[in-house]
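Shown next, in structure tokens, is the structure this report addresses.
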Amino acid sequence: MGQDAKPSSRADIDKLVAHMADGEVLETFARAYLRRVPTDYFETHSLEEVSAHIRSVFEFAAARNVDEVAVRVFTPEPDAHGYELPATVVEVAAPDMAFLVDSVTNEIEANGFKVSRVLHPVIGTKRGSDGVITAVVPARTAQLRESVQHYELTSSIGVDEILGLQAGLERVLQDVRRAVGDFESMQGAIYRMIQVARAGVGRYGKEEVGEAINFLEWLLDDNFVFLGYREYQITDNDGEREVSVSPGSGLGVLRADEDSAFAKAVPLSELRTSLRERYESGDLLVITKTNSTSRVHRRAKMDYIGVRHVAPDGSVIGEARLIGLFTTKAYMAPADSIPVLQRKLQQIIESEDLIEGGHFYKEVVQLFNGFPLDELFASSTEAIGESIVELVHLQENQQIRLFVRRDLLQRNVSLLVVMPRDRFNATLRKTLQALFLERLGGKSVDYRLALGETDTARLHFNVWIAGGEVPDISIQALEAEVIAAAQTWEERLGEQLVARHGRELGRALIEEWAGRFPNYYRTSTPLHIAVGDIAMLDELSRTAPGNPVVGLQNEESGDIPLTRLGVYRAEGKLELSAIMPTLEALGLRVVEEVPTRLAGNLDVFIHDFGVLDTAGQQLNLEEVGERVAEAVAAVLTGKAESDSLNRLIISGGLDYTQARILRAYRTYWQRVSPRFTVAYVNDTFAAHPGLAADLVELFAVRFDPDRSGEDETALQARIHIALDQVASLDEDRILRGFLGLIMATQRTSAYRNGIERLSFKFRSAAVPAMPKPAPLYEIFVYASDIEGIHLRGGSVARGGIRWSTRKEDYRREVLGLMKAQMTKNAVIVPTGSKGGFVLRQPPPEGPDMASVRDGYITFIRGLLDVTDNLVDGQVVHPEGIRVHDGPDSYLVVAADKGTATFSDTANELAADYGYWLGDAFASGGSAGYDHKALGITARGAWESVKWHFRELGVDVMTTPFSVVGIGDMSGDVFGNGMLLSPTIELVAAFDHRHIFLDPHPDAAASFQERQRMFALPRSSWADYDESLISEGGGVFPRSAKAIKLSNEVRKALSVDATELTPDDLIRAILQAPVDLLWNGGIGTYVKASSESNERVGDRANDALRVDGSDLRCRVVGEGGNLGFTQLARVEYSEAGGKIYTDFIDNSAGVHCSDREVNLKILLGIAESRGDLTRVERDDLVEAVVEDVVEAILYDNFLQAQI
């Protein structure tokens, strides 16, 4: 609400007066007080509140003495004031006089408060002899006019703030009374100043005296607000000149002599040099600004007009001083119309020999009139002339210049900045204000902008000095700072780019990138950071598509200077979840993120992170910057992993490839002995970064070919000394464990050029915490897409490579298979081996054969990376490999779960490596024996099945018998096995997708359907013709919540439940009362009742597993590996079941591979001599296949009888 609101209606006031009914004086006061109250006042206040307000303010105004000024500051409360407001109120009652309202308002705002409503009527009154108001009369004709003022603040304030505001208002009102009361006397003092000026004619000359008199008379023409006057005298006291106030000369705000610093005489020798010179010399008329701010009328530095008092002998003996404020009229007058200034302009014109009406003359007059009046008064004619002439030239040259003038009394500095008009903006003005305040030690600054009709902008600044002494600064340096501040962002950026990259490249970079940054980036980003960003963007433009660039820079200022880590991409914005964990894993504290999208055809984006280290400090970029940038880029491109082990990149001095070595060891050790969590291992290294660095150094000394001559003794000793200082037993075990892993490593591919996967060959028995019995050797392959293990029981060993889905305990799976393989291989090879890998990053929709094949290729390459070759019968170590074991050139692999079709792929890899075994490296390829086509594994296991049933008096080839099975018809062992007898009655089976139920199967019809399915390229139980399934049966997905059981199924499985979950139904199938349980699948489904699921180590099948004592089948055929634990076999056998072991039942497949490999090795000798061609060799291998199969099956037949 303000004074411009619509006044109250007469009806509102009449209604209020009628409500008050408190007598004529109060009623007429109310009408006068409310005459200009806005209409909304009555809408937001009740009649009772308004009445109470009027009574309160009337009592306050009536209580003051007629000549006094009363002021009160309070927050209205009902008990004390009769009404309530949510804000503090200021009220003033005083004789009507000038400057009251604006002076009070200025003081309120100077204290930091805001006014929401003002009422300030002037009321005519009559008072009795006792001072009591007896009548309220029209103010216009009243002899006694009183100003009644009511200010409502925007909020309530505290007691201390109320007291402070009241004291300030009392000082202001005192100054107002003095200034108004002495107004006529101060006008008269002008004539005293004229008299003093005339006395100076002997020292200054008639022209200067006349100019001073004209100016003083000009002041009387409403050009000056008179606020104070005082005279000062300079006297001689025992030969020393002193300055003091002329007693009784003070008027207005200078009325009180005792307030002056010169109330008592002060020797001139004690004054600052500048002040002493000010009193003793200089022009007759002094026009400048005071150091203090006016409390009357408007808040501004007061104008100071002094006339030197000159003795007849020409010496200065004092000063007549007038202070006040030039009026708006004065400021609006053309400068060349004002006395004193007229003379200055004329002197400039004469000095420059300007011709009236000429171009240069007009320019000078225009610029002169455009200067701030205060500046023209305060500056010498010479300084003004130099500035104006320079300005004329600047208008033509569009340059930036700074002009500086110091006040004679060292109280302020005037600065004029001239620049092309298009360079000026409010932000630049604020920047220059701050610059001048800082450089000059100012306490405040005033400014004025002059645009005029030219293409230049003139900014006039007046900086008020805090300490009374202007600092000695370089004007040239200050001007350079002004020029820098006024430059465009592109100009400043261009200068720095040229300085950093040279003229040609710097200009090219500014042309390419500067225009693409958004405004917020330009205003908020320090230039040196922008220069670094552009360098990174230039690198990005030369980087392969899809690869980000990472750069680090340190801020040079700020409350907490940050390290700026920038991620630069040409493919748009990254999700923060893709980058934040990476930074935090490095041990960085991410304080902020500032994203910037650049304009242009490509979606170039900068993710700018403000980071600190763990101690809250900037990073030492010389030490760690490159390593951190490389690590972040490597993580973003998938070349490196991100976890808290990466803290060592900053704290331990490692790069991301070195951290990866520790990560690979950590992962391997987790597979061997998962005693400590990953997080605990990482924290241990973070707590001992020096040891981590030494362990990596030991690894390099042992395995880097370029360091083969270095002695590691001293380094090992240092590591052991450091280990002895580790206080925590667990941390000691972890760190010593890693030392042991390094020492157990025989070979590594870490220093082979051009490969990103890592391979480590271990002597297994030397690996810390290795469970017994241990393999002889194992190779661990660690890559971004896979990790895998290859275990060997001896130097000459063979076994398959499988794709495992047991991500965390696949080594345990492979170890069990290797032990079985060692037994199987005893027939033909000294010992066995087994390998397996897991996909670390399978496709989002789940693994497919393409991703499995890619993983297989990585794994096989990892094995070959550290395997010796035979060239002309000589062992050749792989390039880039340091060898700490003996010759080791025998590596043979075979197909297995998930890799049945990859033998040719493996052999192609062997050929790529020039590996001596050629296509004998992986059996079962296109020139080898196809195990599924031969059905060799199932046929070998069937020999065991036949023998078991023969002992039971059953011929499975002619007598129908019931079967439940693990697998489906697409599988080698299950599919081939279920086609080995036409009398099979397959009651139930399951794989990872479906459950098949056929409670009363037709042996002949089901046999034919299984043959059809087996012939399909790929199939599942869902492809089974359900019309051939007996009543009550069907094919059910394992994803179903529950499966209802028909009476036929319940009877066939011998269960009472009418509905089972898929997992429970599978358990029922495993425990079904049938003749044969045929295992042609993958997983461990039967344990002993004394074993826990955890001991079995096959988590995926924990929910399906049953005990051996619960089986009701008569015979078990183990076509698959690890279907039973060994104790489960014992428990089942002791209960009367017929079972051997997997390594007996399914050894035919291994046997077939061994014979194929040995054939190829043997025939390879003939081929290398030229006795056979490759085609002839292949024909010969194929020609003996039946002989090979016959020999294998005969061995299985014999095994079954042992």
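No value in this document is a laboratory result; all are computed from the given coordinates. Computed from a prediction, not measured in an experiment: that's the story for all the values here. Every residue, glycine among them, receives a Cβ derived from its backbone with ideal geometry; neighbour counts consider all protein chains shown.
By definition, a body whose alpha carbon gyration tensor gives a ≥ b ≥ c is rounded when a/c is under 1.5, and the range 938-1149 falls into this rounded group. Rounded to the nearest 0.05, what FRET efficiency is calculated for LEU602 and ASP221 with R0 set to 56 Å and r the Cβ-Cβ distance? For R0 = 56 Å, the calculated efficiency reads 0.20. A Cα-only calculation for the range 4-143 places Rg and Dmax at 15.0, 41 Å.
Rounded, prolate or oblate: pick one for the range 183-333, where a ≥ b ≥ c are the square roots of the eigenvalues of its C-alpha gyration tensor, a/c under 1.5 means rounded, and failing that, prolate if a/b is larger than b/c, else oblate.
Values: a/c = 1.84, a/b = 1.27, b/c = 1.45.
Note, shape of the range 183-333 comes out oblate.
Taking label positions 7 Å along the Cα-Cβ direction at both MET957 and LYS15, the computed distance is 11.9 nm, reported to one decimal. Full extension of the segment from GLU1190 to ASN65, taken as 0.36 nm per residue of separation minus the current Cα-Cα distance, would add 391.5 nm. Against the longest alpha carbon principal axis of the chain, how many degrees, from 0 to 90 and to the nearest 10, is the axis of helix 678-687 turned? The helix 678-687 is inclined about 50 degrees to the chain.
Helical runs assigned H by DSSP (4 residues or longer) give the chain a calculated mean residue ellipticity at 222 nm of -13000 deg cm²/dmol, each run adding -39500 (n - 2.57) before division by the residue total. Its Cα gyration tensor gives the range 639-725 an equivalent ellipsoid, and the semi-axes of that ellipsoid, as √(5λ) in whole Å with the largest first, are 21, 16, 13. Peptide packing for 910-922, 540-552 was compared via the average number of neighbouring C-beta atoms within 10 Å per residue; ordered from the highest value, the list is 910-922, 540-552. Using all C-alpha to C-alpha distances in the range 684-805, build P(r) with 10 Å bins and read off the rounded percent in each one. For the range 684-805, the pair-distance distribution reads 12, 35, 36, 15, 2.
Normalised by residue count, the range 889-946 yields a Cα convex hull volume of 88 Å³ per residue. The simple spin-label model puts a point 7 Å past each Cα toward its Cβ; for GLU571 and THR134 those points are separated by 9.8 nm. Per-residue extension of 0.36 nm, minus the Cα-Cα distance of ASP472 and GLU555, leaves a gain of 26.9 nm for this segment. The angle separating the long axis of helix 183-198 from the principal Cα axis of greatest extent in the chain is about 80 degrees. Relative contact order, percent, of the chain when contacts are C-alpha pairs under 8 Å separated by at least 6 residues? 4 percent.
The value of relative contact order for the range 607-720, using C-alpha pairs under 8 Å at least six residues apart, is 19 percent. Note that the range 157-167 has calculated 3J(HN,Hα) couplings of 10, x, 4, 5, 5, 4, 5, x, 5, 5, 4 Hz, one per residue in order, obtained from phi through the Karplus relation 6.51 cos²θ - 1.76 cosθ + 1.60 (θ = phi - 60°); glycine and proline are x.
May I ask you to list the trypsin sites (Lys or Arg not before Pro) in the range 1011-1108 that are in a DSSP loop and have at most 15 other Cβ atoms within 10 Å of their Cβ? Those satisfying the criteria are ARG1018, LYS1041. FRET efficiency for the pair THR235 and VAL201, taken as 1/(1 + (r/R0)^6) with r the Cβ-Cβ distance and R0 = 25 Å, rounds to 0.65. Here the contact order of the range 183-333, divided by its residue count and restricted to Cα pairs under 8 Å and six or more residues apart, works out to 29 percent.
The chymotrypsin sites (Phe, Trp or Tyr not before Pro) found in the range 530-634 include none that occupy coil by DSSP while having at most 11 further C-beta atoms within 10 Å. Mind checking the angle between helix 713-724 and the chain's longest principal axis? C-alpha axes, 0 to 90 degrees, to the nearest 10. With both axes taken from Cα atoms, the answer is about 70 degrees.
Between LYS329 and ASN214, the contour length at 0.36 nm per residue exceeds the Cα-Cα span by 39.7 nm.
Taking N as the number of residues in the chain, what is its Cα Rg relative to 2.2 N^0.38 Å? Show your work: numbers first, answer last.
On the way: Rg = 51.1 Å, N = 1202, 2.2 N^0.38 = 32.6 Å.
Taking the Cα Rg and dividing by 2.2 N^0.38 Å, one obtains 1.57.
Among the trypsin sites (Lys or Arg not before Pro) in the range 27-63, those located in a DSSP loop and surrounded by at most 16 other Cβ atoms within 10 Å of their own Cβ are ARG35, ARG36.
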